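Student: Below is a structure I'd like to ask you about.
Derivation of every value follows stated rules applied to the coordinates shown; laboratory data play no part. Worth saying up front: this structure is predicted, and the values here are computed from it rather than measured. Here the Cβ is made from the backbone with ideal geometry for all residues, glycine too, and neighbour counts use every protein chain on show.
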């Protein structure tokens, strides 16, 4: 299959400031691409470039196999949902949804049929005669989606569509978008700063920082094998533990030594790691540190650790211990006997470990 | 909170009541002060000349007569002609309406471009237009006269319309630009993705949103243009003079007995349209000035 969206060597400057640097992304039909990163990383600018709302400085954008680099937004066969919804305030919901068709000169009967179809799909039939000002946030969101859906485009673009909703509604709408993607089989590009949205929705994630792509991959690739410290820290909540450690080659494996303030260092033995420099940052997700006896496997190693804090979170209990000068979080089962100020045997699953170079931040294994 | 507690007169009911009364009395006095001239004008215009000579300035008319109004409208002499204000009143109407509409429309267009279609130099152009608001009328008189001569519009009503439109664009652009910058730019983006172009977005999305600022601009421009005297007297000739110039001529060119009642009636007639505009659209004026962001 040929890619439906293909961005190659895209640069975008404002004056002498580089906003986007050498972006190369390509997605297949049916993909759900999420652009994620902290605010100011250029993800929304990239989306606007895809939409044709921002001119690019150099590079090439292809949509559906056609060069769209200099094509105007209306001819790119895209539809876009905006953060502020951008509904036309003086038009009714029905007019908002059909405006695009009206501009393109679609006949009235087709407009009506498409409007009804989309209204039914999104369950906004009772709202069609209202003005956007009379709708709740969630309803506005639906109307904005409706406006995109009637277009039936090659590519849907979403610019942080859920960030103006409250937490509960956000989860609901997130599921609806996912369902919509599944039902339509549509191709979507979605911008968010929320890594949970990225993980739950995407088939492919692009993590960005400072206008530079940090990593492109499936959610599980991004989550399990982050390409650098930034990605490791940004994706996942609670964040991945990043512990300074010393590595020593030892026979057919490596000994990892983690210093502790008032105790002997922890020494873990990783039989897979090879050729690590002396100073490394060891990355382990909280769920890869369990209570001893609750995690089995050949790469699991135990060590007694002083528990500083216990945070019950309902389904799990998080415990915090100070290792290598960092607050390290472990995710234990809810009924754990851990008490603050007591020692507890923790099991470190080195099968899931990531190593990073402290200076460059790049992944080492 | 502590500040209020430290000032006992304000926190006690009688103190607050006294302050309230003082405030209303003061406001009442100011209102009377400002209404006084209007009162004198209206009562004087309803008196006969005989009564004006013999009675007091601020007394009510003993016998109400509309004779002076009739004379002012259709019989008073402006120089050698004695047709009253009527022809000049219509000159002003024919002048003000197109001038207001054109300058408002051009201002809306300018504001839309400067606020929502940023281009290189947009700020400079806006600053220059703004600068135009502060150029004194007197400075442009001679160059404008020359300009009108070249365009063949000297002494004509279209010439006056032209002058007022040019002079009004600075203000109208300012009004619309400040209103349109509060409208989220995502609206334009959404419309672009929907396929709408520059004019389509203006007509279908921005203009319907603009009622409050249109009202403000129309009132402002109408008041300016209707009340203008300097441009009117400089760029008109016999037959094309606006009502303000005619009013001046009526008041200044009477011979013999000064007909105060006619002068007063003429002044009220000349002021009536702006007065009506304020009464009818005044509340939108305040709303429009304070309205800003568009929710939705």
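Student: If the label point is 7 Å along Cα→Cβ of residue A:342, which residues in the stretch A:287-325 have backbone nitrogen under 12 Å from it?
Tutor: Residues passing the 12 Å test: A:307.
Student: A further question on this structure: I need the Kirkwood Rh of the stretch A:5-234: take the reciprocal of the average 1/r across all distinct C-alpha pairs and report it in angstrom.
Tutor: 18.2 Å
Student: Between the stretch B:177-252 and the stretch A:1-45, what is the C-alpha centre distance in whole Å?
Tutor: Cα centres, the stretch B:177-252 to the stretch A:1-45: 43 Å.
Student: What is chain A's relative contact order, in percent, from Cα pairs under 8 angstrom and six or more apart in sequence?
Tutor: Once divided by the residue count of chain A, the mean separation gives 15 percent.
Student: Taking every residue in A:81-88, how many Cβ atoms of other protein chains lie within 10 Å of its Cβ, on average?
Tutor: 6
Student: Same structure, new question: Just the ratio, please: alpha-carbon radius of gyration of the protein assembly as shown over 2.2 N^0.38 Å, N its number of residues.
Tutor: 1.45
Student: First obtain the Kirkwood hydrodynamic radius of the stretch A:241-356 from its Cα pairs, then insert it into the Stokes-Einstein equation at 20 °C and 1.002 mPa s, and state the resulting D in µm² per second as a whole number.
Tutor: D, rounded to a whole number, is 151 µm²/s.
Student: To the nearest whole percent, what portion of all C-alpha pairs in the stretch B:86-290 is separated by more than 32 angstrom?
Tutor: 27 percent
Student: Roughly how far apart, in whole Å, are the Cα centres of the stretch A:200-273 and the stretch B:71-147?
Tutor: First find each Cα centre; the distance between them is then 70 Å.
Student: Turning to a different aspect of this structure: Need one number: nm distance between label points at residue B:14 and residue B:40, each 7 Å from Cα along Cα→Cβ, rounded to one decimal.
Tutor: Output for this residue pair reads 4.2 nm.
Student: Quick one: work out the % antiparallel among DSSP beta bridges in the protein assembly as shown, nearest 5.
Tutor: Of those bridges, close to 75 percent are antiparallel.
Student: Over the whole of A:98-105, what's the average partner chain Cβ count within 10 Å per residue? Rounded to a whole number, please.
Tutor: 4
Student: Once you've got the GNM for chain A with C-alpha springs shorter than 10 Å, pick whichever of A:288, A:261, A:233 has the biggest mean-square fluctuation.
Tutor: Comparing A:288, A:261, A:233 in the GNM, the peak value goes to A:261.
Student: Moving on to the next point. Helix A:167-184 versus the longest principal axis of chain A: what angle, 0 to 90°, nearest 10, using Cα atoms?
Tutor: 70 degrees
Student: Describe numerically, in nm with one decimal, the distance between label points set 7 Å from Cα along Cα→Cβ at residue B:258 and at residue B:122.
Tutor: 5.6 nm
Student: I've got another one for you. So if R0 is 60 Å, what FRET efficiency would residue B:130 and residue A:292 give, r being the distance between their Cβ atoms, rounded to the nearest 0.05?
Tutor: For R0 = 60 Å, the calculated efficiency reads 0.25.
Student: Under a crude label model (7 Å from the Cα following the beta-carbon direction), how far is residue B:93 from residue B:27 in nanometres?
Tutor: 3.7 nm
Student: What number, in percent, do you get for the relative contact order of the stretch A:224-363 if the mean sequence gap of Cα pairs under 8 Å and at least 6 apart is divided by its residue count?
Tutor: Taking the mean separation of contacting Cα pairs over the length of the stretch A:224-363, I get 29 percent.
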